[in-house]
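Scroll down for the structure; my scribbles are underneath it.
The values are calculated or read from the model by the stated rules, or taken from the named source; none is laboratory data. For clarity, every value in this text was computed on a predicted model and none was experimentally measured. We place every Cβ from the backbone using ideal geometry, glycine too, and count neighbours over all the protein chains shown. Accessible surface is based on the protein model in full, side chains and every heavy atom, while ligands, DNA and RNA are left aside. Shrake-Rupley method; radii C 1.70, N 1.55, O 1.52, S 1.80 Å.
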Amino acid sequence: MTELLRLEKICKTFPGVVANDHVDLEIKKGEIHALLGENGAGKTTLMNCVYGVYRPNSGKIFWKGQEVEIHQARDAIALGIGMVHQHFMLVPPLTVAENVILGLPTRHEPFLDLASVEEKIFESGQKFHLKVDPKARIWQLPVGIQQRVEILKALYRDAELLILDEPTAVLTPQEVEELFLVLEALTEHGLSIIFITHKLEEVMRSCNRVSVLRDGRRVDTLAIEDTNPQLLAKMMVGREVLLKADKTDLPPGEVVLSVKELSAIGGRGLPAVKNVSFEVRRNEIFGIAGVDGNGQTELGETISGLLRATGGKVTISGKDATNKTPFDILNMGVAVIPPDRQKLGLLMNFAVDENLIAKSYWKPPFSKSIFLRKKEIDKFSEKAIKDFNIRTPGPEIQVKLLSGGNQQKVVIARELSKNPDLLIASQPTRGLDVSATEYVHKQLLAAREAGAAILFISTELEEILSLSDRIGVIYEGEIMGILPGKGANILEIGEMMAGLRRSNTGSEQPKKEAENASEASA
Amino acid sequence: MLEFLGIFTTVEFYIAVVQMTTPILLAAMGGLIAERSGIIPFGMEGMMLMGTVGGVIGSGLTDRVEVGLLLAMLAGVFIAVLYAIMAVSVGANQVVTAVALNMGALGLSSLLYVLAFAGGKGEVIEDVIRVRAMPLWKIPVLGEIPFIGKVLFNQYPLVYLAFFMAPVVWFILYRTSWGLKIRAVGEHPHAADTVGIHVLKVRYLTLIVCGMLAGLAGAFLSIGAFNAWQENMTSGRGFIAYTSIVFGRWEPIGAFLGSFLFGAADALQLRMQTQNIQVPFQVMVAFPYIVTVIVLVLSGKSAKWPAASGEAFKRESK
């Protein structure tokens, strides 16, 4: 395979931070090359240098053997480099076709000729498994399809190299599989792909080679055949990583949360939670497994008072909590880690300390009558920053300036420092890298040992299996079955996640089926 | 009390509706293009004011209406470019900048008027100075149609231009690559930037177009429907034009209907004043503004603004 892109000793610094430190990288024609690293390792910065969003401080870029200068995105596009950013660069009210041709000269300038564009989009769609309705407006499309539009946009500009920045972060498992098929089709037609990720399975599943970045430096480049997830994790983090959580045996205590025949209507006006019943006890993590969009978010919201229950009953520590306000529920000893920390978990423009007291600022010791007590707040936030290892230049820094992992630490510090009786953790590791995920897992286990009952909602089956004492599987708003976490069978859970089979609600299951399942998995 | 209904039977009323719609419509079309690119066209009042004085000076000093129109456009563009420098290049708060410019234009227009007609001595001008105004253009054949011909086809050239602008703006926005760029820049400037569109250039150009049209709208007041100048001649029509845009949900056809509504309200209050109806004069003058408030209350909640409107665009630091 011939070389398409080569980076030589790329350096990029921001005030106070070295984002890229003499990075070399070589991309061959027709390969899928993973760029693996933790958040903040410099992956996106490096690619932004290639795409002309940033100018490197030093270093050289070679394209097809020729040294090139890339001053802005336009130059990169002209060379044949396309980039799909983590936050899509699509204009929501415009149609697919309009987004695709945006910025390009039309056939009869200045008149638009959308029909021929739509036809071309349709053809590329056929060729690369990228089926999209060219007349649809972006805001109407699910994120998985929007991502296809971004890829089509690059293809329409004759890209030979496609940079995908964390493309799977927003996708459901099925969409991830579809994306891999698209990428394979693209490489068959000679395109090269740089795949930015921090997910080890995806690297192993779909890439030809992998380059690992850590703290702005390239650790190594390896062929996939020569590596394994454990080795990659070690290279990425710089130390041995617990890919599986360390959990102690604890007998569950009294019931804290009891949900009986709960139903609720979701944002689209359709039933999202249907007749759900379960209990969570002290010292117990109850995991809710399921493919994203099956009502697990709404379930968490209904219990925490954000969504109205249309039927059923929620009891917390023996008290009725059905359709109470979020404030009342908060005062029942409930802590919530919401699924979207930027929208629901944090006030992004507020400082770290203000976020830390956001759910208790009106209470002593933080307030006295109408006055905030700066000293107490400082004392508390400094302790929280230390205890929860929040990496921030100081408590007065705006939360939006922190990395995703540290933002989540702020949420966790706020929620766990009040020693809750019940913790509702909804997708607490979404978008976090290996270290931060490991950290969140440790905190959840610590809360469990401290006596909290934990409702743990996640779409990552791996972490559900490694943390949960019991697992409820949700499909289209219904609990398909509840299983013990210890020795749970992945295949069985997978089938229930797809809505295929309902096991007995409880811990036992027919012996014969269990045997069959274990045979199948072996 | 009901005698005012007689107004609706006179052809003069309908001619007045068309003429009162014209300045609002011209400015609204310019403002609409600007706001679709992400700039709140709140400075239209100032652009229009400068247009009124530019028109009267050009026409008064040279005795040629074309010079008046040209000067009116330049005067509108002057404010528009000042606005662009502040709002687009510097990234200052758009509403605050626009308010400052509107107030500045109020004073500047008076100053320019005095300088032009008092021989630079800055004296107070007591008499109204009459200047040459636009002639009516009667369209052959169509102008002969009874009633409609008088209302629509025996009008000032700027009237035809204003009514022609609505479909033109629609076509530019939805059928050309220019319009696509304008819409993209107004909704998601970063996305536009990544595909190589010059965001700031697009915004400057739309504001210049806005300045030209608002300047002409001002000239229509001073040397179109009237032939002299008075202080604060627009009396808020720039803001009413903006209201028409909001009323029309940022669509050219909607803004056209909005302008028409306000034009009709304006014409009605003018006619009522001449009919000697037993309603205090101030109430009638306030009528279009009351309509404005009602319209904003009704349409404000469901209005869907161009997503990036009012936000300055800055690239990430390099």
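In table form, for the structure just shown:
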quantity: Candidates A:Arg55, A:Arg74 - the one that is within 7 Å of chain B (Cβ to nearest Cβ), open to solvent by 50 Å² or more (accessible area, probe 1.4 Å) and touching a Lys or Arg at 6+ places or on another chain (Cβ under 9 Å); calculated: A:Arg55
quantity: Every residue from region B:238-256 that is in contact (Cβ under 8 Å) with a residue 60 or more places away in the chain and assigned to a helix (DSSP H, G or I); calculated: B:Gly238, B:Phe239, B:Ile240, B:Ala241, B:Tyr242, B:Ser244, B:Ile245, B:Pro252, B:Ile253, B:Ala255, B:Phe256
quantity: Residues located in region A:289-316, provided they are over 20 Å from A:Leu344 (Cα atoms), under 27 Å from the mean Cα position of the chain (by Cα) and either among the hydrophobic types (A, V, I, L, M, F, W, C) or in a strand (DSSP E or B) (or both); calculated: A:Ala289, A:Val291
quantity: Unique match (being buried (at least 17 other Cβ atoms within 10 Å of the Cβ), more than 20 Å from A:Leu90 (Cα to Cα), over 25 Å from the mean Cα position of the chain (by Cα) and not small (Gly, Ala, Ser)) among A:Glu160, A:Glu123, A:Glu188; calculated: A:Glu160
quantity: Test: residue in region A:151-168 that is over 30 Å from B:Val169 (Cα atoms), in contact with a His (Cβ under 8 Å, 6 or more places away or on another chain), more than 14 Å from chain B (Cβ to nearest Cβ) and modelled with pLDDT under 90; calculated: yes
quantity: Filtered residue count, region B:159-213, keeping only those that are in contact with a helix residue (DSSP H, G or I) (Cβ under 8 Å, 6 or more places away or on another chain), within 8 Å of chain A (Cβ to nearest Cβ) and among the basic types (Lys, Arg); calculated: 2
quantity: Per-region count, region A:317-333, residues assigned to a strand (DSSP E or B) and either of a type in the set (S, T, N, Q) or open to solvent by less than 60 Å² (accessible area, probe 1.4 Å) (or both); calculated: 0
quantity: Number of the exception - B:Gln278 against (1) under 28 Å from B:Thr97 (Cβ atoms); (2) modelled with pLDDT under 80; calculated: (1)
quantity: Hits in region A:163-185 - residues which are of a type outside the set (Val, Ile, Thr), part of a loop (DSSP other than H, G, I, E, B) and open to solvent by less than 10 Å² (accessible area, probe 1.4 Å); calculated: A:Pro167
quantity: Wholly enclosed helices (runs of 4 or more DSSP H) of region B:142-230 bearing at least 1 residues without any contact (Cβ under 8 Å) to a residue 60 or more places away in the chain and crowded, with 24+ Cβ neighbours inside 10 Å; calculated: B:177-187, B:189-194
quantity: Only one of A:Val314, A:Val276, A:Val280 that is over 13 Å from A:Ser426 (Cβ atoms), open to solvent by less than 60 Å² (accessible area, probe 1.4 Å) and free of Cβ contacts under 8 Å to residues at least 60 places away in the same chain; calculated: A:Val314
quantity: Those residues of region A:433-464 which are under 25 Å from A:Asp165 (Cβ atoms), among the hydrophobic types (A, V, I, L, M, F, W, C) and open to solvent by 10 Å² or more (accessible area, probe 1.4 Å), in sequence order; calculated: A:Val434, A:Ala436, A:Leu461
quantity: Contacts under 7 angstrom Cβ, first residue in region A:399-424 being basic (Lys, Arg), partner part of a helix (DSSP H, G or I), 6 or more apart; calculated: A:Arg414/A:Asn355; A:Arg414/A:Leu356
quantity: Scan of region A:12-52 for residues that are farther than 29 Å from A:Thr437 by Cα, part of a strand (DSSP E or B) and open to solvent by less than 30 Å² (accessible area, probe 1.4 Å), ordered by number; calculated: A:Ile27
quantity: Residue within region A:119-133 that is part of a loop (DSSP other than H, G, I, E, B) and either at pLDDT 95 or above or within 12 Å of chain B (Cβ to nearest Cβ) (or both) present; calculated: no
quantity: Residues satisfying the stated conditions in region A:397-430, i.e. under 20 Å from the mean Cα position of the chain (by Cα) and in a loop (DSSP other than H, G, I, E, B); calculated: A:Leu402, A:Ser403, A:Gln427, A:Pro428, A:Thr429, A:Arg430
quantity: Test set (1) under 30 Å from A:Val291 (Cβ atoms); (2) open to solvent by 10 Å² or more (accessible area, probe 1.4 Å); (3) at pLDDT below 85 - A:Gly238 fails condition number; calculated: (1)
quantity: Of the criteria (1) more than 14 Å from every other protein chain (Cβ to nearest Cβ); (2) more than 14 Å from A:Lys64 (Cβ to Cβ); (3) of a type in the set (Gly, Ala, Ser), which one A:Gly30 fails; calculated: (2)
quantity: Extreme residue, nearest to the other protein chains (Cβ to nearest Cβ), among residues of region A:77-89 that are open to solvent by 40 Å² or more (accessible area, probe 1.4 Å) and in a loop (DSSP other than H, G, I, E, B); calculated: A:His87
quantity: Test: A:Pro92 is facing another protein chain (nearest Cβ under 9 Å) and open to solvent by 40 Å² or more (accessible area, probe 1.4 Å); calculated: yes
quantity: Matching residues, region A:96-117, being more than 8 Å from chain B (Cβ to nearest Cβ) and surrounded by fewer than 20 Cβ atoms within 10 Å (Cβ to Cβ); calculated: A:Arg107, A:His108, A:Asp113, A:Leu114, A:Ala115, A:Ser116
quantity: Condition broken by A:Ile145, with the remaining ones in (1) β-branched (Val, Ile, Thr); (2) more than 10 Å from chain B (Cβ to nearest Cβ); (3) not in a helix (DSSP H, G or I) satisfied; calculated: (3)
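Quick grid of which residues meet (1) over 27 Å from A:His441 (Cα atoms); (2) at pLDDT 95 or above; (3) buried (at least 18 other Cβ atoms within 10 Å of the Cβ):
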| site | (1), (2), (3) |
| --- | --- |
| A:Asp246 | no, no, no |
| A:Pro251 | no, no, no |
| A:Arg268 | yes, no, no |
| A:Glu298 | no, no, yes |
| A:Arg308 | yes, no, no |
